[in-house]
Every structure is written in structure tokens, then in C-alpha cells.
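These notes are about the structure you will find just below.
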Amino acid sequence: MSGPGRALIINADDLGYDPAVTRGILRAMHEGIVSSATLMVNTPYAEAAAHEARGLSIGLHFNLSRGLPVWAAFPGESLQGGAFSEPLAPHLPPDVVEAEALAQLERLDVLLGQPATHVDVHKHLHQHPGVFEGLARAARALRLPVRSTSPDMRRALRAHGVRTNDHFLGEAGAEAWWTLERLEEHLATLPEAGVIELMCHPGYAPETVRSGYARQREVELATFLHPRARLALTRLGVKPTGYRVLTRPG
């Protein structure tokens, strides 16, 4: 982002991953400070999630690590038992990644009744060269921003003509990342300029899907619903927005 302005995007990953996760994300958007989310379109719960999320700021949570491909011609030798495999994903050719990205984006458009605001990647698999190249091609063709998670990725996306955030905050691990105290600390020390994405994983513990990030989601949900979180933003004079800030004219 050029100029002295600052924009904060608080994006919840994993919409459509599981019904309970979806409920939590939508609550965090309607009642809390989460301003954007990304939808998995190749799960059994994607259609219901998209229906509930219509009108919100929603991008694609590009998924190459679990579930079935959307592209009908996805090569079987790159799948395991007909489904995506996280260990195989880093070895996908860019042409395959590009075709699958375009297919998932088209499905999002159909399910949501509106185009994606941007793209991010489940498990950050675009850290791998083939996935990065294929996704960058698809994003450039559709003029969509892509989440960057590091300065090197940021430079590479821009070299491909793809818009991206200027700063990135967030993680997921054995413990809940966004406690209220950590959120307040990071909000108090935000960069003074640029587009900042704060990635988060609020939700209720998954009902149907096994996940290493389960009860941690409920801690994050409580964080982003807490009145102190909104108060911290008010003190800063910051109103969270979505990735359209990178594609609006002017």
C-alpha cells in the first residue's frame, strides 16, 4: 500500500472446514472484530458455510492438502486414494496448481454468489515453489491479492504482478495463538503504515473433522469477541477491513 495510510485486515481461516468452526467464525464476524474470512470450497460443509457468509468479505482458503480436487482433470497420480495429500502437495506441477486454483475460485463464486476478495493457502503450502508459481499465475489472471507470510514471499508475489499485504501477523500451534493479552500487545505495536493482515483461527471445536487446532479455536473466538479487543481498536482509531482495500480504484 502506498502513502501514509494503514489498513488492518483480521482474517479468519477455515470457513467451511467443519460446521462448528464455521459457526464460530461467523459469530466472530457478526459480533466480534474479525473483518474477513477465507472459505474452503472442497469440503462437505462448504455450501452451507457459503450460504451463511453471503455478503461478508470472503476470500478463498485454497486447499491442496485434504479432501477432493475441484478440477475434474486433476491427475490421479498426484492424489492419494483420489484425495489430496499434504505430503504430495509440495510436488504438484505449477500447471496443475493453476488449474485447481481457478476451479476452486470458480466454485467459490458459484457458492457465494460473489467473487473472492483474495486467496490464502491452507497450511501455507505456497511456500513451495510449484504451488507458489501456479497460484501466482491464477491470481494474476483474475487480479486477486494473495496473502504473503514473509518478506521474501511478498517480493516474489509483487514480481509476478500480484498484490499482497505489507505485513503479516499470526500463527497456529499446540497452544491457542491469539490470547487476549497477545492480541492487545500486537494491536498496540502495529506498523504505522501499509496493509496489515492478522491471521486467526476462531471457532468452536470441530464436530466432525479431526484437527490439531480444536479447543484452541475457542480461546481465539473468546479473544475476538471480547470487549477489550474492540476497545483496543477504538483507542487506535482503527476499523478492520477486508482485502478489497487492495483492489479498490484509487
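What to note about this one:
- Accessible area of the stretch 1-99 belonging to carbon and sulfur atoms, whole % at 1.4 Å probe: 52 percent
- Solvent exposure of the stretch 161-208 as accessible area per residue, Å², 1.4 Å probe: 44 Å²
- Phi to ³J(HN,Hα) by Karplus 6.51 cos²θ - 1.76 cosθ + 1.60 over the stretch 112-124, Hz, x for Gly, Pro: 8, x, 7, x, 4, 7, 5, 9, 10, 10, 4, 6, 6
- For the chain, built as a Gaussian network whose Cα springs stay under 10 Å, the top-fluctuating residue of ARG147, ARG217, ARG158: ARG158
- The HN-Hα couplings worked out from phi for the stretch 146-157 by the Karplus form 6.51 cos²θ - 1.76 cosθ + 1.60 (θ = phi - 60°) are 10, 5, 10, 10, 8, x, 5, 5, 4, 5, 5, 4 Hz, whole numbers, x standing for Gly and Pro.
- For the stretch 86-200, the orientation-averaged shadow of the C-alpha convex hull comes to 8.5 nm² (one quarter of the hull surface).
- Residues of the stretch 117-136 with an amide N closer than 20 Å to a point placed 7 Å from the Cα of ARG143 along the Cα-to-Cβ direction: 117-120, 135-136.
- Close amide H partners of LEU8, meaning residues 5 or more places away or on another chain with modelled amide H under 5 Å apart, are ILE196, THR241.
- Within the accessible area of the stretch 102-235 (1.4 Å probe), percent carbon and sulfur: 52 percent
- Where Rh is the Kirkwood radius over Cα pairs, Rg/Rh for the chain: 0.95
- Computed log10 I(q)/I(0) for the stretch 1-122 at 0.20, 0.21, 0.22 Å⁻¹: -1.05, -1.12, -1.19, from the Debye equation with unit scatterers placed on every C-alpha and solvent omitted.
The values are calculated or read from the model by the stated rules, or taken from the named source; none is laboratory data. Not measured: the values here are computed from a predicted model. Every residue, glycine among them, receives a Cβ derived from its backbone with ideal geometry; neighbour counts consider all protein chains shown. For accessibility, only protein heavy atoms count, side chains too; no ligands or nucleic acids. Shrake-Rupley method; radii C 1.70, N 1.55, O 1.52, S 1.80 Å.
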